[in-house]
Amino acid sequence: MDLAGGLAGWRRLAQPHLPAALRRARENGQLWPTALAGVRIVGLLALGVGAVAVVLRIRPPEPPVEVVVAASGGPCNGAVELCARRLNKVVFPGAHNAMGSAMNPAWLFPNQDIDIQSLLDRGVRAFLLDPYRGNVMGDKVRTDFDATPYAKLKTANVIGNEAWAAGMRIREQFTGELGPSGLYFCHGYCELGAIPVVPTLRIFTDFLATHPGEVLIIDFEDYVVPADIDSMFVASGLIDYVYKGPIEPAWPTLGEMVESGGRVLVLGEYDVGTLPWYHLAWGGLMAETPYTFHTPEEFSCKANRGTPRGDLFLINHWIETTPTPKPSNAQIVNQADVIVKRARQCRRERGMTPNILAVDFAGIGDVVGAARELNGLPPVAAAP
């Protein structure tokens, strides 16, 4: 089946489950970003129920991924020049929805072409991850919205109440015996793809153990309670590498973080509780750009979540497509010159260092090289 045929099948499957208001908006070409997100998730759930074969056939085969190993293991993210620089003045190459990889055949519609280990090897140092609770059900994971009271509200706020209700009706068609509740990285609904949290975090633990000069940022779009965040860091051993020092009145330098052993800054977007090392991103700490762009020409540096100015600045740099992210877009927008040009424009407009360059398909293009240039570092010499 070609792509057009696959999309037509997706529309036929999703159409009966879309709220009437969303159907009319789609037909009139008037979908707003939140409505579009709702349509996408409802449609993807419909696929998960009865059209997995369609999903697998409309995704074009990916060529083998050639991972460029950029992790040097040297001081301060491979550059001694960064050791004296405070964290909020350093640019980190980042991966949006880093848990969803095309290397995982069970993950539908991934945002990344390579997995977390490969992202680390390539030089990515900031990771946007979404933790949820879920129950194993056969070969899938069913999202456990009841385990976290505010997860339902947060998801409904993102995709819209009508789309939420439609999605839940489709979700009820997944049947089987539920296993115990566990922690998973998912996106929207775990039925569309899930990987267990603790083994995934151990990848970071092992990496940091063998790369003593590397500093990471992990930003959670958290759909679990702070106690779950604490338990996953303890169980994975990553707690030993978390930065637990002060960030006020001044951020630590990368060298200070390396010397202290606390080399992972952990951010949460919704609820950080009283964990002293878990920092609330949108409570005035971090600012960001919008994240729904359908063409490169739509890229902007306007204020979005958080405050207009923050100590940290997240640049969301990907093209939003429905129903699936497209590597072909990354071939265009992930080129180093494109990223650098936009980051410098955002620095001029917003007056902040672009700390996290979050991209889809970080194995395509050169977000790592863009970060090096923005940090004032020379390009990495090509291997002979």
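Just so you know, all these numbers are worked out from the coordinates, no wet-lab data involved. Remember, predicted model here, so these are calculated numbers, not experimental data. Note that we place each Cβ from the backbone using ideal geometry, even for glycine, and neighbour counts take in every protein chain shown.
What's the ranking of 189-197, 151-159 by average number of surrounding C-beta atoms within 10 Å, highest first?
189-197, 151-159
Over its Cα atoms, what ratio of radius of gyration to 2.2 N^0.38 Å does the range 229-270 give?
1.22
In a shell of Cβ-Cβ distance under 13 Å around residue 338, excluding residue 338 itself, what net charge do Lys and Arg (+1) and Asp and Glu (-1) give?
Net charge around residue 338: -1.
Spelling out what I want: for every residue of the range 202-219, take phi, set θ = phi - 60°, compute 6.51 cos²θ - 1.76 cosθ + 1.60 (Karplus), and round to whole Hz; glycine and proline get x.
5, 4, 5, 4, 5, 4, 5, 5, 9, 10, x, x, 9, 10, 10, 10, 10, 10
Could you give me the ³J(HN,Hα) list for the range 250-267, computed from phi with Karplus coefficients 6.51, -1.76, 1.60 and θ = phi - 60°, whole Hz, x at Gly and Pro?
Couplings: 9, 5, x, 7, 4, x, 5, 5, 5, 5, 6, x, x, 10, 10, 8, 10, 10 Hz.
Taking amide H positions as placed 1.01 Å from N in the peptide plane, with prolines and chain starts having none, which residues 5 or more places from residue 99, or on another chain, fall under 5 Å of its amide H?
130
Can you report the principal axis dimensions of the range 255-357 using only the alpha carbons, biggest first, rounded to whole angstrom?
Projected onto the principal axes, the Cα atoms of the range 255-357 cover 40, 29, 26 Å.
I'd like to compare 267-279, 305-317: which one has the highest average count of other Cβ atoms within 10 Å, and what's the full order after that? Walk me through the intermediate numbers first.
Values: 267-279: 17.2, 305-317: 20.8.
Put in order of decreasing packing, that is 305-317, 267-279.
Modelling each spin label as a point 7 Å along the Cα-to-Cβ direction, I'd like the residue 84/residue 165 distance in nm, to one decimal.
A separation of 6.2 nm, rounded to one decimal place.
Counting each pair of different Cα atoms once, what's the Kirkwood radius of the range 248-302 in Å, rounded to one decimal?
Details: mean 1/r = 0.0716 Å⁻¹.
After inverting the mean inverse Cα-Cα distance, the result is 14.0 Å.
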